[in-house]
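Undergrad: Let me give you the structure first, and then I'll get to my questions.
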Amino acid sequence: MDDSTSCMWPAPPQQQNHPNLAFQEFTEAFDLSLSREQLWMLTKAFIGSEECDGLSAHDRSRYIFFYEKLDALIEAVYLMQRQPAPVIPILPTPPAA
């Protein structure tokens, strides 16, 4: 796995300034069951491809672990999008001494 912080397709400036837009756009474009199905199909296609023939069992298990965590992340995004944003009270700043 590549641990670099560079990105092949950087997020558009609007998403960089408001990251929740990416969650909103994703959940509007795909429902949860379709998202999970597509993720599983991608994972199966990758693991079953010739590209993976040389991977060790350890490497394959890392990809399955990544799949499981990404699936949980996708579910969390849907749950967050269904809930109203929490109200965070703004407390007045105490006067300087």
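Undergrad: Only one residue in A11, A29 is surrounded by 11 or more Cβ atoms within 10 Å (Cβ to Cβ) and of a type in the set (G, A, S), so which one is that?
TA: Exactly one of A11, A29 is surrounded by 11 or more Cβ atoms within 10 Å (Cβ to Cβ) and of a type in the set (G, A, S), namely A11.
Undergrad: Could you tell me which of the residues S56, S33 is polar (S, T, N, Q), over 30 Å from Q15 (Cα atoms) and out of contact with any Pro (no Cβ under 7 Å at 6 or more places or on another chain)? Walk me through how you get there before you give the answer.
TA: Values: S33 fails: over 30 Å from Q15 (Cα atoms).
Selected residue: S56, the only one of S56, S33 that is polar (S, T, N, Q), over 30 Å from Q15 (Cα atoms) and out of contact with any Pro (no Cβ under 7 Å at 6 or more places or on another chain).
Undergrad: A follow-up question, please. How many residues does segment 14-55 contain that are at pLDDT 90 or above and not in a helix (DSSP H, G or I)?
TA: So the answer is 2.
Undergrad: Which residues, taken from segment 56-65, are part of a helix (DSSP H, G or I) and more than 23 Å from R36 (Cα to Cα)?
TA: Answer for segment 56-65, where residues must be part of a helix (DSSP H, G or I) and more than 23 Å from R36 (Cα to Cα): A57, H58.
Undergrad: Does any residue of segment 79-97 turn out to be assigned to a helix (DSSP H, G or I) and modelled with pLDDT of 90 or more?
TA: yes
Undergrad: Let me ask another. Of all residues in segment 44-74, how many are of a type in the set (D, E, K, R), within 21 Å of D31 (Cα to Cα) and exposed (fewer than 13 other Cβ atoms within 10 Å of the Cβ)?
TA: First, pick out the residues of segment 44-74 that are of a type in the set (D, E, K, R): 44, 50-51, 53, 59-60, 62, 68-69, 71.
Right, trim to within 21 Å of D31 (Cα to Cα) and you get 44, 68-69, 71.
When the remaining residues are screened for being exposed (fewer than 13 other Cβ atoms within 10 Å of the Cβ), the result is 44, 68-69.
The number of residues fulfilling the criteria is 3.
Undergrad: Give me the pairs, please: first residue somewhere in segment 58-78 and hydrophobic (A, V, I, L, M, F, W, C), second residue anywhere and in a helix (DSSP H, G or I), beta-carbon distance under 6 Å, and either six or more positions apart or on two chains.
TA: I74/S35; V77/F23
The values are calculated or read from the model by the stated rules, or taken from the named source; none is laboratory data. On a predicted model such as this, the values are computed, not experimentally measured, just so you know. Methodologically, a virtual Cβ is constructed for each residue, glycine included, from the backbone with ideal geometry; neighbour enumeration extends over all protein chains shown.
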